[in-house]
1. Tell me, please, whether a residue that is assigned to a loop (DSSP other than H, G, I, E, B), closer than 20 Å to residue 46 by Cα and in contact with a helix residue (DSSP H, G or I) (Cβ under 8 Å, 6 or more places away or on another chain) can be found in region 383-395.
2. Given the options 369, 375, name the one that is in a helix (DSSP H, G or I) and of a type in the set (A, V, I, L, M).
3. Could you say which residue among 14, 8, 24 is of a type in the set (A, V, I, L, M), modelled with pLDDT of 85 or more, under 15 Å from residue 296 (Cα atoms) and loosely packed, with under 13 Cβ neighbours inside 10 Å?
4. Among the residues of region 146-198 satisfying the criterion of being among the aromatic types (Phe, Trp, Tyr) and modelled with pLDDT of 75 or more, which is nearest to residue 403 (Cα to Cα)?
5. Out of region 25-57, which residues are over 23 Å from residue 307 (Cα atoms) and in a helix (DSSP H, G or I)?
6. In region 300-326, what residues are surrounded by 24 or more Cβ atoms within 10 Å (Cβ to Cβ) and under 24 Å from residue 160 (Cβ atoms)?
7. Quick one: residue 68 ticks every box in (1) more than 27 Å from residue 246 (Cβ to Cβ); (2) modelled with pLDDT of 75 or more bar one, so which box is it?
8. Quick check: anything in region 49-72 touching a Lys or Arg at 6+ places or on another chain (Cβ under 9 Å) and surrounded by 15 or more Cβ atoms within 10 Å (Cβ to Cβ)?
Amino acid sequence: MDSTTLFLVGLFLLVACAVLVGELFSRFGQAALVGQLLVGIVIGPTFLGSLLGFSSLATPFSGLQFLATFFILMTAGLAVTPQQIRSTGRPAALLGVAIFVAPFLTGTLVVHLLYPGLSIMTALFVSLTISITALPVLAIMLREFGLFRSRFGTVLMNTSLVNELAAVTVFAVLLRVQGNLGSPLLAVVTAVVTVALFLSSVLLVHMALVSLRRVRVWGRMAERFRETWRIPEAGFAVLMVVALGAALYSQFLGLTFLVGAFYAGILVTPESAGRRQHRTISLVFEAVTWGFFIPLFFALVGFGMDLRSLATSPATLLVFALLGAFAFLSKVAAGSLVARGLGWTRDESLGAGFLVSSRGAVELAMAVILLDQGIFSRTIYTVVAGVGLVTTFLAPIGSKPFVRSIPAERRKADEESANAPLEAWIPPPDF
């Protein structure tokens, strides 16, 4: 079989099986990404890869994974709007910071103890990747439990939003520090200034777009654009140019394209682009992303894992088990304790703790970048992806007994959240 045919066969099997198995898992109350990751593991080097002759596909697939990662982060950014950030209340902000900072700081120590040979920067990156709560996965679970429009669900969604924003920003700082070979203090200061410059640029562009729209200049420009531009789906083309420009800008600043893609999505809002135009662009983007790139991305993450590296010795398996247990329990503990301190009931607190323990695409995208840059070894990459797989599987199982007991008054829809469009929080398929 020639290389092109082998590539197409591998791609067909990954996408087709990821879509079908993901659908199957979602019907059993699990996030589709769990099934999609398992598809990649089975087709990859762990099980059938060598038998099917797919060992040589790692390099050809890397370009596809890069593109899929870009779309994943852009999609994550599109699910967040500055209005949602500004409207985040004190409970959600405290809870969001707690479930990121506590696992991140304590996780660095745990990772260093479990892997004494790792550098401090690598330990920080590992701890960061296991400290992120998956906003879309959380939304899916809340929807399944009938809590998506409730006050309880709204607070948890804002909590995950704060967590995700903090994680992406810290990731940008750490990457900038990693690339600076000078004084550690100077590296940190340079990284903070660089990230502040990037975020300020994003904020200024957003404010400019909103201002132009308020004085109706942007509306006239957009109408003129639609009348004169003859390329089909020109809005989608412009979105891609903006996203690629932001990715290039963040890459130039040493923050990697991941950060630029994420924050570029935040720039494209109904306020800046117009509600009708924003919806049109989102529909095209979602069709491409959810229909192809997301199943492909998770399948490729699984394909890049080699679970045989975890079975080299009982000690390696024990370390993986301990890190997975810490990643899961640290989120549950931090979320439950802070929620309890905010006056939530026991069931609400424990339910929130289990719900925020799920992982998703953002940390896996980070792991892909860190593997490509040589910061993560193949074994560490497999461990991080495996931890995400296990915690996402356990989150709905652990939370179910507690969220079912939440009082009826907490299930009532908050007026503001009830009027918000569903697409603002969750895309159609499972993340």
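1. Looking only at region 383-395, we keep the residues that are assigned to a loop (DSSP other than H, G, I, E, B), and these are none.
Looking through region 383-395, none of the residues is assigned to a loop (DSSP other than H, G, I, E, B), closer than 20 Å to residue 46 by Cα and in contact with a helix residue (DSSP H, G or I) (Cβ under 8 Å, 6 or more places away or on another chain).
2. Values: 375 fails: in a helix (DSSP H, G or I).
Step by step, each of 369, 375 is checked, and only 369 is in a helix (DSSP H, G or I) and of a type in the set (A, V, I, L, M).
3. On the way: 14 fails: loosely packed, with under 13 Cβ neighbours inside 10 Å; 24 fails: under 15 Å from residue 296 (Cα atoms).
None of the others qualify; the one that does is 8.
4. Step one: list which residues in region 146-198 are among the aromatic types (Phe, Trp, Tyr), which gives 148, 152, 171, 198.
From what is left, the residues that are modelled with pLDDT of 75 or more are 152, 171, 198.
Details: 152: 10, 171: 32, 198: 40 Å.
Here the answer is 152.
5. Narrowing region 25-57 to residues over 23 Å from residue 307 (Cα atoms): 26-29.
Across region 25-57, the qualifying residues are 26, 27.
6. To start, the set of residues in region 300-326 that are surrounded by 24 or more Cβ atoms within 10 Å (Cβ to Cβ) comprises 300-303, 305.
Selection gives 301, 302.
7. Single failed check for residue 68: (1).
8. Residues of region 49-72 that are touching a Lys or Arg at 6+ places or on another chain (Cβ under 9 Å), as a first pass: none.
Checked region 49-72: no residue is touching a Lys or Arg at 6+ places or on another chain (Cβ under 9 Å) and surrounded by 15 or more Cβ atoms within 10 Å (Cβ to Cβ).
The values are calculated or read from the model by the stated rules, or taken from the named source; none is laboratory data. Quick caveat, the model's predicted, so the values are computed rather than measured. Cβ sites come from the backbone with ideal geometry, for glycine too, and all protein chains shown count toward neighbours.
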